[in-house]
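The block underneath contains the structure these notes are about, expressed in structure tokens.
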Amino acid sequence: MRHEAGVFRASFSPDGTRVVTASDDKTARVWDAASGKPVGEPMRHEAGVCSASFSSDGTRVVTASVDKTARVWDAASGKPLGEPMRHEDPVTSASFSPDGTRVVTACYDKTARVWDAASGKPVGEPMRHEDRVRSASFSPDGTRVVTASDDGTARVWELWQASDEPPTPEILEAFAGLKVNAEGQVVSIATEDRVSLVRDSLTQSADGSAVRRLLRWRFDDARARTLSPSSPITVTEHVEREIAWVMDHPKDANGPTILREAYEMDPGHPLIHIALAALEDAHRGRADFLRGYGLKRLPDDARICAKAAGFLNLLGDSARALSAAEKALKLDPGNEAAQSERANALELRHFLARKTAVAPTDWKVNHARFLPPGGGDLLVATADALYLQRPAGEPERLWATGQRIVNMACNRTGTLVGAMDAKGAAIIRRLSPATEQIACGEDEKIGPRGLVLGPDGTRWISINTEGRTLLREFPSGQTVAVLFAQRAGAIDISFTPDGRFIVGTNGAPMVWDGQSGQVVRKLTGHSNLVWKTAVAPQGDRAATVSADGTARLFDLTSGRELAVCQGHRSTVYKAGFRPDGRELVTASTDGTARIWSADGKELLKLDIPGTQVIHAGYSPDARWIATHSTDAKLRLWSVLTGQCLFITDCTSDFLESDMFSADGTKLVVPFNGSYTVFDLVKPEDS
């Protein structure tokens, strides 16, 4: 049974005489199970077909496709039956109910849906997850659906079943609000009488028919009732879930719509106003009022108050968060969520980032970094020169190129510094004990990440714009070895702190001898390109990060894989070790940074919804983690609590751990042609 592209699914008909297949060649086909010959015409979609399955009587086939539709087909002829069932994203699975009257689909639009198999029209509301839905299927009796999603959950949903049993005339009259009196006149029934009549009748009835369940649900309290007659989720629970989603995704374009729908369902919910304050673009200038208004409306409910404290902490409003948390603790002293949010609020409240220095006004700064090993010296790249800026005194110009400095480098001891300009020229200069330098002309075409300087000052690495990577001597500039002849992927390379090894990747990670440049070993295990490598401060291990969504730790001496860090949902772009080597932090395009133990266990997740995280690194004292993301923001996080303590604008593409001073008390942030130095004041210091 051959297709023209990969076959995703295959399953038997109920009687075992036929097979149906789903293929990436945009077709599904029915085959004779004995001979392998096709039966009928191909069932064609406009994109790959993800799944295909028979109805219980074997007369029909339902397919799901990347073209965002599911379709029902005649199994004998291959002709379509009814209209397509349309989603907003690729449909991953579709299957019939046991009686063949309905179809359930799973989709990347984060929903599963039930459809009428004959007409192709939806039945009921979508079943919503927080991420892509991979599969959905009916229970054997057709009354429930089970779904599986990338949000890490599987869920069971109860479906409402129609009933032929009519309700009593009294209930129908009460439901309509009208009745016919003894004189044959149509008169209105007072609202309180309607509610009382229906509630009394339905509450006393043991009848569990669908109609009675529907009516009982209709006359429940609006906030206490469930979303639908068959749903286990109350309106309040649903509203709080929607609010929590908006708070986690404040920049999502759907946020205002979601909150508007939540408001219509429960307009009195106090958390809605706090959530509205998170949507800065929609409520600019009113955020502070909305937070205060929401805080005033908090009920005497410890759970709600604790949630409010959490949301206010996310907004950086530590004073109001502390008030909400303390109110929760007065109501319930043992409330763990309130205790945690109170601690977060206190840390946020006492954390300060004081501006203590800025770049000279006539500089057009591209990047700035602290120069190790300490003392607060800054290396600054501008539009036309490289400067050494000391805490006191005039800046020293190290290189006047006349071209924009695109990046710079220094070794771990601070004895060698280097810079590259926009035309591919570069310079390396020894600062101590004696001044020496080497210049690379424009003909060498040194790339933006083209200089890596060895710790002992005798070796350096050059990378040109075509990816040719050389190990070279300083100060002679002579080539010791060719590490990469050309680019295969993004090149990233570094020395171990002791200079014993070089670790790098051009798509596939390698280890070389740090002096001779001879290949020591390859680091294998990833299933996709490796973008970056990181070396432990102790020089004994390396981490690799990949487009396969994992980070891996290796022993450099043996090459043995020590741990796999799995949990990111897309490319892992950067990794950095904690200064003592006990933990690793990773940055991913899935909008998170994550902290891992040395054995690969996830310890903490830092969410930055709506962005891609391109840098994450520890401060020298391991107290903070700095992240940089595609929203051009630098965030500082508490390693202890995962709390975001500080956000500022940042435009550099080349951030490393040396944005911190050696003692972790200062942070330099380049932005918009300047830089700012912040003094980081810890809670116990304030």
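The values are calculated or read from the model by the stated rules, or taken from the named source; none is laboratory data. All of these numbers come straight from a predicted model, not from anything done at the bench. Cβ placement follows ideal geometry from the backbone for every residue including glycine, while neighbour counts extend to all protein chains displayed. To get the accessible areas, we keep the full protein, side chains included, count just its heavy atoms, and leave off ligands, DNA and RNA. Shrake-Rupley method; radii C 1.70, N 1.55, O 1.52, S 1.80 Å.
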*asked:* Please go through (1) in contact (Cβ under 8 Å) with a residue 24 or more places away in the chain; (2) charged (D, E, K, R); (3) assigned to a strand (DSSP E or B) for R342 and return the number of the only condition it doesn't satisfy.
replied: (3)
*asked:* Cβ-Cβ distance below 8 Å, separation of 6 or more or different chains: which pairs start in region 85-96 with a residue that is under 17 Å from K26 (Cα atoms) and end on one that is open to solvent by less than 20 Å² (accessible area, probe 1.4 Å) and among the aromatic types (F, W, Y)?
replied: M85/W115
*When the residues of region 499-515 are filtered to those that are under 17 Å from S527 (Cβ atoms) and surrounded by fewer than 22 Cβ atoms within 10 Å (Cβ to Cβ), which remaining residue is nearest to the chain's Cα centre (by Cα)?*
G507
*Given (1) farther than 27 Å from F678 by Cβ; (2) over 36 Å from the mean Cα position of the chain (by Cα), where does N335 come up short, assuming only one miss?*
(2)
*Can you tell me which residue among L290, L279 is under 23 Å from F646 (Cα atoms), open to solvent by less than 30 Å² (accessible area, probe 1.4 Å), outside any helix (DSSP H, G or I) and not acidic (D, E)?*
L279
*Is there any pair linking a residue in region 145-165 that is at pLDDT 80 or above to one that is surrounded by fewer than 15 Cβ atoms within 10 Å (Cβ to Cβ) and part of a strand (DSSP E or B), with Cβ under 6 Å and at least six apart or on different chains, and which?*
V146/V156; A148/A154; V156/R144
*Can you pull out the residues in region 471-494 that are hydrophobic (A, V, I, L, M, F, W, C), open to solvent by 60 Å² or more (accessible area, probe 1.4 Å) and modelled with pLDDT of 85 or more?*
V482, A485
*Answer yes or no: is there a residue in region 615-630 that is small (G, A, S) and touching a Leu at 6+ places or on another chain (Cβ under 7 Å).*
yes
_Test result for G664, modelled with pLDDT under 90, open to solvent by 20 Å² or more (accessible area, probe 1.4 Å), at positive phi and outside any strand (DSSP E or B)_ = no
*Counting only residues that are open to solvent by less than 10 Å² (accessible area, probe 1.4 Å), closer than 26 Å to V123 by Cα and hydrophobic (A, V, I, L, M, F, W, C), give me the strands (runs of 3 or more DSSP E) lying completely in region 1-85 with at least 1 of them.*
18-23, 27-32, 38-44, 49-54, 60-65, 69-74
*asked:* Being of a type in the set (V, I, T) and in contact with a Lys or Arg (Cβ under 6 Å, 6 or more places away or on another chain) is the filter here; which residues of region 570-609 pass it?
replied: T586, T592
*Just for region 112-133: of the residues that are in a strand (DSSP E or B) and farther than 23 Å from I258 by Cα, which one is least open to solvent (accessible area, probe 1.4 Å)?*
W115
